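Novice: A single structure is presented below for examination.
Where a number appears in this text, it was derived from the coordinates with a stated rule and is not lab data. In this text the structure is predicted, and so the values were computed from the model without any measurement. Glycine also receives a Cβ, built like all others from the backbone with ideal geometry; neighbour counts cover every protein chain displayed.
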Amino acid sequence: MASRRRTPIRDLPLPAGAHMSVAGGLHRAFERGREVGCRAVQIFTKNARGWKSTPLAPPDVKLFRDELEAGMAGATCAHASYLINLGAPGGPVAERSLAGIVDELQRCEVLGIPFLVLHPGAHMGAGEEAGLDRIAANLDGAHAACPGFRVRILLENAAGQGTCLGHRFEHLEGILARVHEPDRLGVCFDTCHAFAGGYDIRTSEGYEAATAEFDRRVGLDRIRIIHVNDSKKGLGCRVDRHEHIGQGEIGLEAFRCLVNDARLADVPKILETPKGDDMAEDFMNLRTLASLVGTSAVPPGKPKGRGKMPASRPAGTKRSTKQRSRAAGRRVLR
């Protein structure tokens, strides 16, 4: 298949980028980012769906740090493993989760990565308060195991699937109130997750109301990374399904408000939207975000999102094997 890759965006008017593959070496993420025109990059430093991690070899660390310090030192983050659940009750998962977050912090510290994005965790039936207590206690344990580290954990607001915590801003507020060293924590704000969690940011009024509540409960100054994702599902769905900017249920107005919000102007904005190996979708989404900078309304001719829930699949029907394979082959994070 012919490559769809485009000419890199030059002089992107906002600190934005995307999650990048580290296939071939961690440092390759920056090379891929430059191919698109990124000013910010997110990576996994290890397999995101496994507990084990390969030790970092000194030559690989040097290659990565050289690239990092060449231009993206303040706009690079790592995403922690999806298996980590700091809200888990006692047992193997809880033990592995604490060891896992400590390992992730150690890897980031060695690599010079300033931020580690973490899903807070799930209470697994124990209830929200008990889950928040466990998350805070485990964060304290991770901090105690990593004294003096410069890397900061960023708690990501969640979509709210199952018993996952973090889909309400008061959950993040509660964690910060419980930990012993709140200054060692920041926040990663995900637009898709906020929408899935019930915050209607589709209009300027809704965006202002949501950011006002976040500022009151958590503080906008705690936001160090923003995940810019539209949503395949509707408001309050509590389902985490990302869509291209302006092509989902959120629409463009929320992103126009975001990229023109002076309070968040310097915060790196990271795409986690579906894409192929040629990264053409990253180019498209960054172009869309760039086109909204400096505008007071969504430009004419731009899609404004579906604005309503798509028709559901008829009961008893399933995607074909071909459809499932195609979707699996185009997952965003690798």
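Novice: What ranking do GLU31, GLU67, GLU243 get, fewest neighbouring Cβ atoms within 10 angstrom at the top? If you can, show how the numbers build up before the last one.
Specialist: On the way: GLU31 12, GLU67 22, GLU243 19.
Neighbour counts put them in this order, fewest first: GLU31, GLU243, GLU67.
Novice: Here is a further query. Indicate the helices, whole DSSP H runs only, in the chain that combine a mean Kyte-Doolittle hydropathy of -1.0 or more with a Cα extent along their long axis of 24 angstrom or more. List each step's numbers first, then the result.
Specialist: Numbers: long enough: 92-111 (28 Å, 0.26); 128-145 (26 Å, -0.17).
Qualifying helices, which must be both long enough and hydrophobic enough, are 92-111, 128-145.
Novice: Taking 26 Å as the cut-off for C-alpha to C-alpha distance, list the pairs among LYS52/LYS232; LYS232/LYS269; LYS46/LYS233 that go past it.
Specialist: Values: LYS52/LYS232 32 Å; LYS232/LYS269 19 Å; LYS46/LYS233 29 Å.
From LYS52/LYS232; LYS232/LYS269; LYS46/LYS233, over 26 Å: LYS52/LYS232; LYS46/LYS233.
Novice: May I pose another question? Run the numbers on the chain and let me know its relative contact order in percent, using alpha-carbon pairs under 8 Å that are six or more apart.
Specialist: On the way: 675 pairs, mean separation 55.2, N = 334.
So the answer I get is 17 percent.
Novice: Let me have the relative contact order for the range 211-299, percent, based on Cα pairs under 8 Å that are six or more residues apart.
Specialist: On the way: 110 pairs, mean separation 26.1, N = 89.
Contact order relative to length: 29 percent.
Novice: Could you work out the per residue convex hull volume over the alpha carbons of the chain, in cubic angstrom? Spell out each step's value before the answer.
Specialist: Numbers: hull volume 50.2 nm³, N = 334.
Per residue, the Cα convex hull of the chain comes to 150 Å³.
Novice: Once you place label points 7 Å from the Cα toward the Cβ at ASP183 and ALA297, how far apart are they in nm?
Specialist: 4.7
Novice: Moving on. Using the 10 angstrom Cβ neighbour count as an exposure proxy, how do THR7, THR76 rank, fewest first? Can you show the working numbers first?
Specialist: Working: THR7 9, THR76 28.
The order, fewest Cβ neighbours first, is THR7, THR76.
Novice: Here is a further query. Summarise the long-distance tail of P(r) for the range 146-261 by giving the % of C-alpha pairs beyond 17 Å.
Specialist: Numbers: 3523 of 6670 pairs.
Roughly 53 percent, rounded to a whole number.
Novice: Show which aspartates and glutamates lie in cross-link reach of LYS62 when reach means a straight Cα distance below 20 angstrom and same-chain residues fewer than eight apart are skipped.
Specialist: Reachable aspartates and glutamates: GLU31, ASP103, GLU104, GLU109.
Novice: In a shell of Cβ-Cβ distance under 12 Å around GLU128, excluding GLU128 itself, what net charge do Lys and Arg (+1) and Asp and Glu (-1) give? List each step's numbers first, then the result.
Specialist: Values: positive: ARG134, ARG168; negative: GLU129, ASP133, GLU170.
Computed value for this residue: -1.
Novice: With springs only between Cα atoms under 10 Å, which of HIS193, HIS180, HIS123 fluctuates most in a Gaussian network model of the chain?
Specialist: Judging by the Gaussian network model, the answer is HIS180.
Novice: Which value, in debye to the nearest 20, describes the size of the charge dipole of the range 16-329 about its Cα centre when Lys and Arg Cβ atoms bear +1, Asp and Glu Cβ atoms bear -1, and nothing else is charged?
Specialist: Values: 41 positive and 38 negative charges, 247 e Å.
Dipole magnitude for the range 16-329 comes out near 1180 debye.
Novice: So who's got an amide H within less than 5 Å of the one on ARG152, skipping anything under 5 residues away but keeping other chains? H placed 1.01 Å off N, in plane.
Specialist: Under 5 Å from the amide H of ARG152: PHE115, LEU116.
Novice: I'd like the FRET efficiency for ALA48 and ALA99, computed as 1/(1 + (r/R0)^6) with the beta carbon distance as r and R0 of 25 Å, rounded to 0.05. Please list the in-between numbers first.
Specialist: Numbers: r = 16 Å, r/R0 = 0.64.
Plugging the Cβ-Cβ distance into 1/(1 + (r/R0)^6) gives 0.95.
Novice: Rank these for me by crowding, HIS79, HIS27, going from fewest to most other beta carbons within 10 Å. Numbers along the way, then the final one.
Specialist: Numbers: HIS79 25, HIS27 19.
Exposure proxy ranking, most exposed first: HIS27, HIS79.
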